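Every number in this text was worked out from the coordinates using simple rules, so none of it is lab data. The shown structure was predicted, so the numbers you read here are calculated from the model rather than taken from an experiment. Cβ coordinates were reconstructed from backbone atoms using ideal geometry, including for glycine residues, and neighbour counts include every protein chain displayed.
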Amino acid sequence: MKKILIGAFLIVAGLNGGVYGDEGWGPSVYRAPIVNQPAPIIQIVPYYYYYVPMVTMVPSVPQYVPMTTYQNVLVERRYHCFFKRYEVLTVPQTVYVPNRY
């Protein structure tokens, strides 16, 4: 009796082939073996940045220098009726001139 029980157990247990957990008691289904392929190794090449020195031309604002000139002006002043008096006055005039480098 023990031999019959062991034989029935081996048949039910499926000792002849691989057993999958989701297979159940239905017909056997072919499952392709899972092959692990290693990922391709990508060689990372370091980047070298070459900095080219650039000279940027900045427009420079010319510096202005005040330049004062004086001009003599003849001025007529009237006193009582016909009396006149003439004076010479100096009038300043300021002009801003760009400074030369």
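Observations, loosely collected:
- In terms of packing, defined here as the mean over residues of other Cβ atoms within 10 angstrom, the peptides 80-87, 40-47 line up highest first as 80-87, 40-47.
- With contacts taken as Cα pairs under 8 Å and at least 6 residues apart, segment 62-101 reaches a relative contact order of 53 percent.
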